[in-house]
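Peer 1: One structure follows; several queries about it will come next.
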Amino acid sequence: MKMQTPFRPSAAPSHGGTAGPADDGGSSGRTDAVPAGERRGRFLSGMRGPATSAAVLAVALAVWEIGVRVTGTPSYALPAPSEIATTADWGAVSEAVKSTVLAVLGGFVAGNGAGFALALLISASPILASVLYPLALTLRAIPVVALAPFITLAFGRGAMLTIVVAALIVFFPTLVNVLLGLRSVEREALELMHVLNCRPVTVYRRVRLPAAMPSFFDAMRIAAPAAVLGVMTAEWIIGGQGLGKLVITAALALETTTMWAAILASSVVAGLLFSLVTLAERLLLPWAGRR
Amino acid sequence: MSRNAVAAPGTLGRRTPNRLASALTATTVYCALLAAWELYGRAEYRPGGVLPPPSQILGVLWNGRAGYWSNTLTTVGEAAAGFTGGVALAVVLALVMDRLPLIGDGVYRLSLMIYSIPVVALAPALVAWLGLGFTSKAAVALLAAFFPVLVNLTGALRSTDRRVRELGEVLNTGWVGSLRFLRLPYALPAFTASLKIAAPAAFIAAMIAEWVGADQGLGLALLYAMFGYQMPELWAALVLSSAVTGLLAAAFGWIARIATPWHASIDAGSERR
Amino acid sequence: SDGSSGGKSADGMLSINNQLGWLKLTQFGGFYAAETKGYYKAEKISTSFTAGGPNILAWQQVTSGKAFTGDDDNTNVLVAMAKGQPLVIYGAIFQTSPFAIISKKDDPIESIEDFAGRTIAVTEASRQQFESLVKKAGVKKVSFIPAGTDPTQLTTGQASGYSGYATSQAVALKRQGVDVHVLYLEDLGVPSYGNVLITTRDHLEKRHDDLVRFLRATIKGHEYMNANPDEIGRLVATKWNTSGLKSGEEAATARFQKDLITSPKGVLQVDPVKMQKIIDELVDVGTISKKLQAADVVDTSVLEAAYDGRTSLLT
Amino acid sequence: MRAAGSDPGPALAVAGTAAAAESGNSGVVRTEGVGKRFDVGGRPFTALEGIDLTIREGSFCTLIGPSGCGKSTLLRILADVVQPTTGTVEVFGRTPAQARQAAEFGFVFQDPVLLPWRTALANVELPLQVAGVPKDERRKQARDLLRLVGLEGFEKALPAKLSGGMARRVAIARALILRPRLLFLDEPFNGLDEIRRRQMNDELQRIWLETGTTAILVTHNVSEAVFLSDQVFVLGRGPGRIIAELEIDLPRPRTAQTMLLPEFTAYEQRLTDLLTEVYGGIDP
Amino acid sequence: MRAAGSDPGPALAVAGTAAAAESGNSGVVRTEGVGKRFDVGGRPFTALEGIDLTIREGSFCTLIGPSGCGKSTLLRILADVVQPTTGTVEVFGRTPAQARQAAEFGFVFQDPVLLPWRTALANVELPLQVAGVPKDERRKQARDLLRLVGLEGFEKALPAKLSGGMARRVAIARALILRPRLLFLDEPFNGLDEIRRRQMNDELQRIWLETGTTAILVTHNVSEAVFLSDQVFVLGRGPGRIIAELEIDLPRPRTAQTMLLPEFTAYEQRLTDLLTEVYGGIDP
Ligand SMILES: Nc1ncnc2c1ncn2[C@@H]1O[C@H](COP(=O)(O)OP(=O)(O)OP(=O)(O)O)[C@@H](O)[C@H]1O
Ligand SMILES: Nc1ncnc2c1ncn2[C@@H]1O[C@H](COP(=O)(O)OP(=O)(O)OP(=O)(O)O)[C@@H](O)[C@H]1O
Ligand SMILES: [Mg+2]
Ligand SMILES: [Mg+2]
């Protein structure tokens, strides 16, 4: 065995090793909970999401404004935020937001629900999996716009259609992620349930589903903007009252500022939904150790 | 038991014999469906109808094979470029977010907002900046691919097992070392899953991007078929796009299995335990 | 830059990029005919054509300098000009817009009165126009729904009328065995042009001669196509566009569109008087708010120079 | 080589008194008033309070105490894995963070945290790989260490295929491979059979003697504590604090023979008594 | 209540001989020629071979042997968690699967597998919840058991906030709450301090005496094995097989006093000798 110097010159008594909890701000690799006021911390970090959103939005807008002015980008390609703020038809935008938000929520719930249910079926039975997974893939493989004729045949052209289209866009990430989560279970936990003679349903309820929650929340994070996209796409295909329609009509009428106002509004809707998911995760999955 | 928890192949489920059975079932079901469709199509399909028989769709594909082949290749090329760029961008962003949480958080949210802008709306700006060629298609594919990867990767990086992180600290791996030796491997299952999401997304995005204006591509073929109301051709394009995404999914499932043999999560349906 | 949109290349050829207003379909067969027949080459022009699509404003490619010239929907162009875009119209491909209400032969829509009590699928862009037409005619109980990209709405009975392009969609339907009736916008008393040729004011002033050369070759191409629709249709489907078009369809389209393209004064003509009517109509309907003058919009000097007093360049 | 002590009697000193103060300046690990509060089930919970300890350079020191009294937490604080709520820590005259960054720590965690995608061999190699040692070199060392812990033939096995005790031995090998200046061992021999444990004790002593490492061990095994240590700190609970400090003065290297000495048994008895006392105090 | 044995001498019988055959028909767990092969690092590896054992109804039986010899694997096979490659297993006269399905098993795994999203209390409740016991009832029982294992006050703590030994005690409580007909314990008291371990031994004996459970324990602690068991099986390695069987004939309930009996020490010594022998055979 290689020898190492048995004694190193002992370092001079140093500048007091103060390793206080000061740098414990949850930023880097620190893992333990900050004892006092952890709840407050959690609340604060819950608030941090929207706050950062706002800050970033502000910075992005500033960069945008300056960029447009400096490069002299024509307003029909990309208007400056100040121009959007002053000349857009905000009345129309707020009208559109109302109807879009409802559809987005509907699509979000329906898509996640469908993805989740499909993941459950697929993970529960290899036979169902071999039948359903190709189907899911096929559904995913077809651009929704191309499906439009069939969807309109099946669901007509009402609000239902918007929700279906959004759900179609949302469900696949959820399916994949929930499948991942359902399988990210320790072997021993399954063995435990096996010894306890649990029915598969119980194993799912008590072990696999809770274990899948972090992945599911990731899926919902992806779903938040995807649902908005879906609704906008649907409104593009079939019209309606929402932001997607407004984007198209504004674009056609060359009301570029209104179009961008609508786009910004849709981004804000997506951002809010996203923050909602993050907040819910913090509250519902304290054990998951997400920082 | 973190999301990265490990379940090695045991003998718990004893499902191995089912693999053949499930493959058989799937084949049977789909053959039956196809047969029914074929029969229905032959009996009911009139030009102008919605459901041409599969044999006719195959005929269309076969007759136009040269064109479909080159169109598919074009779109696959655009999607591949966008996908690669998107994944790279997402990985870089995820690392930035990991390293600089505050800035990272902002970038995350900005990404989210950009991701939620529909292609329709982005088209004029994209075209103005990138023109109507390959680049703008790849850019749209990139936008579609990067977000799922970003979300999954940051999620996984944020929830590495506490014990593993402590190991990294004691080994004094530093940030890079902890990523390389500990956290990225732990994030690998979530990452490969996100690739399964991103790959079809990129492909579809490239197809849609071709609608903005293009000379070649599967999306364009689809548009022609729709616009010219040619249902067999429409179906042919859909079959092709499904085939491509199916292959992509299979490929990434396979990659996931190769890359994370220790992880229980393997491709759809088949729990190898 | 000028390098890509229209400038001199090394071999002394003038290279011109032309932005098409839609996908590379037979409606642009005239350009292709000019290309394959070498009319551009004879003018010492080497051309490139960029396809358009549903989500792109062709005029934007022209004003941004990505294309030297191009064509776009007449209404779109007028809207852009009303917003101050420095464009000018120097020709028109379709003397009558192929845009029409397509209905089934056995349940036809032949006049504005036939709209009554029906469901009509119309595009977002044309909706105002149709609403105003219906209102003027006093027709009741019309329900307009947004038109999809494809005419399934018509075949599946979700709508009795579908607004689309007679050149492609009506032809396609007919060849699929769906017998259709076509009611042009013009039949409803709305004057129209389809796909007007545009360039920037700047180009018109500074590079008038280049435009004339380009237009001369383009006129010849269109004349050739009208004379040989089957040949051009086939070529479009096999050479120009390899995304799965069918020769038969495109040939049929080429034959069909002949009537829409020709005029007594020759192809690609545009008439300021008619344009003024169109403008007035659009202002009336509210699609554009600013009262444009046809004289500021249309410039016939390129046409005049190209035709040089004739009505046909090939014969 | 360590000097073999001569005074046979157990030297007991209550924490913070003479014995600790005596070794004052030469302390390689020193804490002053270290405390740690956690949030457990929504309530604040004091895991450690007023921990003052001094560990001499090159010594072998053991923490012993009832389950849940904060031994692992204390070890984590010393290794800069967890930050104390109060008090100061000094390691090699620097902050724990600086000491850790000088890559002088080896740590066997209470759970054998093996990386599931790495074979047994690759897991043992990890610290050297992180340190940038060339492949052949580190592979050879890892092989030797695996042989040492009785795992020859399992080099290529993934952790999921190892028994509990085997996984633990891989973790021990991994901590030893660095020949760290400071070695933390959190119940390393849990789940090993008695004979293997003895053997590992011998090996650990040998390595420690050879390398001059300072070692801090947590164990519940009284005999192991006496066999290995120079100093034993007995921790009490509610909140965790140091109840007593015991100097073990037995000649090195200690062998099976040493365990038959009456002094050894006396130390064992003393420690057992101390632990019983600790328990008596809190679990009436 | 169990009958207290009278014959004080250690009865050693080589596996598969008289002693096992004697108790033949009354065996509640019986295996014949059980073997298990694994694939480890790409090579086939025989973990167990030719295991014939018989465990009497209501007895307390212990498996002891070097780390990696297949004890956990054997336990898993008996509990129908793993399928043997060869041989047959019979539990309560049925297949292990049938026996398991009658919900008669409790199992403490070698790692305390707690569900990270459940509090300590909810983890203990789990078996009752799965069995459909009403909330109040199971909560009460779980609380009692947590108190028994010394975790009062930690009911609401998530597993991540528990120390190693505390997590282990939660796992023990969880296995005991069902009062199962057959109890498997895989090194349950690893990582507990000696005093807590003694106390848990006492509690385990008490519960076992009260409920008439048949218990199968894996341990590395010789004294624990003697204290608790009626039968001890000594396993050898390479491949894992039963080397010897020891009947422990000491009166019940056994107490601290019992441990002072010369028979007790004799049993301990015998077992230690056997284990040393096992080791000698494989690790020269
Ligand atoms: N991350 C944490 N969050 C909250 N509480 C914790 C955390 N880690 C430890 N504790 C609490 O601190 C106390 C001491 O834990 P620690 O792990 O140091 O005990 P220990 O002495 O190592 O016990 P054992 O011998 O059982 O391992 C315990 O009561 C535990 O509940
Ligand atoms: N799932 C598995 N796959 C492959 N090999 C395994 C598996 N489980 C156990 N083994 C092997 O079987 C042997 C016995 O393992 P087992 O866990 O039964 O040992 P053990 O007697 O419980 O040891 P310990 O006292 O260390 O817990 C080991 O060599 C191990 O490598
Ligand atoms: Mg501990
Ligand atoms: Mg074991």
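Peer 1: What is the distance in Å between the Cα centres of the stretch B:63-125 and the stretch A:83-155?
Peer 2: Value for the Cα centre distance between the two parts: 19 Å.
Peer 1: If each of residue B:162 and residue E:277 carries a label point 7 Å out from its Cα toward its Cβ, how far apart are those two points in nm?
Peer 2: The answer from the label model is 4.7 nm.
Peer 1: Take each uninterrupted DSSP H stretch in chain B, measure its Cα extent along the helix axis, and return the ones at 27 Å or beyond whose mean Kyte-Doolittle hydropathy is at least -0.5.
Peer 2: Qualifying helices, which must be both long enough and hydrophobic enough, are B:18-44, B:65-99, B:134-158, B:184-211, B:231-259.
Peer 1: Quick check: Cα centre of the stretch D:93-126 to Cα centre of the stretch C:252-266, how many Å?
Peer 2: 82 Å
Peer 1: Oh, and also: Please get the size of the charge dipole for chain B, origin at its Cα centre, with Cβ charges of +1 on Lys and Arg and -1 on Asp and Glu, quoted in debye to the nearest 20.
Peer 2: Dipole about the Cα centre, nearest 20: 920 debye.
Peer 1: While we're looking at this one, here's another question. Among E:51, E:243, E:195, determine the one that fluctuates most according to a GNM of chain E built with springs between C-alpha atoms less than 10 Å apart.
Peer 2: Evaluated over chain E, the most mobile residue of the options is E:195.
Peer 1: Another question, if that's okay. Based on the alpha-carbon set only, what is the convex hull volume of chain C divided per residue, in Å³?
Peer 2: Cα-based convex hull of chain C, divided per residue, equals 124 Å³.
Peer 1: So, in nm, how far is label residue B:28 from label residue B:129 when the simple model puts each one 7 Å beyond its Cα toward the Cβ?
Peer 2: For residue B:28 paired with residue B:129, the spin-label model returns 5.4 nm.
Peer 1: Also, quick follow-up: Once the dipole of the stretch C:16-164 is set up with Lys and Arg at +1 and Asp and Glu at -1 on Cβ about the Cα centre, which of C:128, C:80, C:149 lies farthest towards its positive end?
Peer 2: C:80
Peer 1: Rounded to the nearest 5, what % of the DSSP beta bridges within chain C are antiparallel ones?
Peer 2: Looking only at bridges with both residues in chain C, the antiparallel portion is about 60 percent.
Peer 1: If the label point is 7 Å along Cα→Cβ of residue C:231, which residues in the stretch C:36-66 have backbone nitrogen under 17 Å from it?
Peer 2: The answer is C:36-42.
Peer 1: Report the one residue of D:217, D:131, D:262 whose Cα lies farthest in the direction of the positive end of the charge dipole of chain D (charges on C-beta: Lys and Arg +1, Asp and Glu -1; origin at the Cα centre).
Peer 2: So the residue furthest toward the plus end is D:131.
Peer 1: Using R₀ = 60 Å, calculate the FRET efficiency as 1/(1 + (r/R₀)^6) where r is the Cβ-Cβ separation of residue D:261 and residue A:135; round to 0.05.
Peer 2: After rounding to 0.05, the efficiency reads 0.20.
Peer 1: Let me ask another. For chain C, calculate the relative contact order in percent as a whole number, restricting contacts to Cα pairs under 8 Å that are 6 or more residues apart.
Peer 2: 25 percent
Peer 1: What is the spin-label model distance, in nm, from residue E:98 to residue E:39 if the labels are put 7 Å beyond Cα along the C-beta direction?
Peer 2: 3.2 nm
Peer 1: When chain D is treated as a GNM, springs tying every alpha-carbon pair under 10 Å, which of D:54, D:88, D:214 comes out with the largest mean-square fluctuation?
Peer 2: D:88
Peer 1: Still on this structure, I have one more. Show me the trypsin sites (Lys or Arg not before Pro) within the stretch C:81-178 that DSSP assigns to loop and that have at most 12 other Cβ atoms within 10 Å of their Cβ.
Peer 2: C:105, C:140, C:141
Peer 1: Continuing with the same structure: How high is the FRET efficiency from residue E:144 to residue D:136, r the C-beta distance, R0 51 Å, rounded to 0.05?
Peer 2: 0.30
Peer 1: At R0 = 51 Å, how high is the FRET efficiency between residue C:291 and residue A:283 if r is their beta carbon distance? Nearest 0.05 is fine.
Peer 2: After rounding, the FRET efficiency stands at 0.30.
Peer 1: Still on this model: Restricting to Cα pairs below 8 Å that are 6+ residues apart, what does the relative contact order work out to for chain B? Please round to a whole percent.
Peer 2: About 29 percent, as a whole number.
Peer 1: What number do you get for the stretch A:154-291 when its Cα radius of gyration is normalised by 2.2 N^0.38 Å, N = residues?
Peer 2: 1.39
Peer 1: Quick check: Cα centre of the stretch C:55-134 to Cα centre of the stretch C:275-292, how many Å?
Peer 2: Here the answer is 13 Å between Cα centres.
Peer 1: Could I ask something else about it? Using Cα pairs closer than 8 Å and at least 6 residues apart in sequence, work out the relative contact order for chain E, in percent.
Peer 2: Over chain E, the number comes to 28 percent.
Peer 1: For chain B, modelled as a Gaussian network with Cα springs under 10 Å, which listed residue fluctuates most, B:163, B:65, B:19?
Peer 2: Sorting by GNM fluctuation, first place goes to B:163.
Peer 1: With a sphere of radius 10 Å drawn around the Cβ of residue C:108, what net charge do the other residues whose Cβ falls strictly inside it have (Lys, Arg +1; Asp, Glu -1)?
Peer 2: That works out to -3.
Peer 1: Using Cα-only point scatterers and the Debye equation, what is log10 of I(q)/I(0) for chain E at each q in 0.07, 0.10, 0.14, 0.15 Å⁻¹, rounded to two decimals?
Peer 2: For the requested q values the scattering log ratios are -0.25, -0.52, -1.04, -1.19.
Peer 1: While we're looking at this one, here's another question. Please figure out what share of the DSSP beta bridges in the protein assembly as shown is antiparallel and state it in percent, rounded to the nearest 5.
Peer 2: In the protein assembly as shown, DSSP labels about 60 percent of beta bridges as antiparallel.
Peer 1: Now, a different point. Please name whichever of B:251, B:222, B:144 sits farthest to the positive end of the charge dipole of the stretch B:137-273, dipole taken about the Cα centre and charges placed at Cβ: Lys and Arg +1, Asp and Glu -1.
Peer 2: In the stretch B:137-273, that residue is B:251.
Peer 1: For the protein assembly as shown, with only Lys/Arg (+1) and Asp/Glu (-1) charged at the beta-carbon, what is the dipole magnitude about the Cα centre, in debye rounded to 20?
Peer 2: 720 debye
Peer 1: As I understand it, the value is the acute angle between the Cα axis of helix E:262-282 and the longest principal axis of the Cα atoms of chain E; what does it come to in degrees, rounded to 10?
Peer 2: Approximately 70 degrees, to the nearest ten.
Peer 1: Another one. Rounded, prolate or oblate: which one fits the protein assembly as shown, using the alpha carbon gyration tensor with axes a ≥ b ≥ c (rounded when a/c is under 1.5, else prolate when a/b beats b/c, else oblate)?
Peer 2: It comes out prolate by the Cα gyration axes.
Peer 1: Then there's this: Quick check on my link table: of C:41/C:83; C:105/C:246; A:245/C:265; C:140/C:246, which ones sit more than 32 Å apart, alpha carbon to alpha carbon?
Peer 2: Violating the 32 Å limit, Cα to Cα: C:41/C:83; A:245/C:265; C:140/C:246.
Peer 1: log₁₀ I(q)/I(0) of the stretch A:133-208 at q = 0.14, 0.17, 0.20, 0.27 Å⁻¹, via Debye over equal Cα point scatterers, no solvent, to two decimals?
Peer 2: At q = 0.14, 0.17, 0.20, 0.27 Å⁻¹ the computed log10 ratios are -0.63, -0.73, -0.84, -1.19.
No lab work stands behind these numbers, since they all come straight from the coordinates. All of these numbers come straight from a predicted model, not from anything done at the bench. Here the Cβ is made from the backbone with ideal geometry for all residues, glycine too, and neighbour counts use every protein chain on show.
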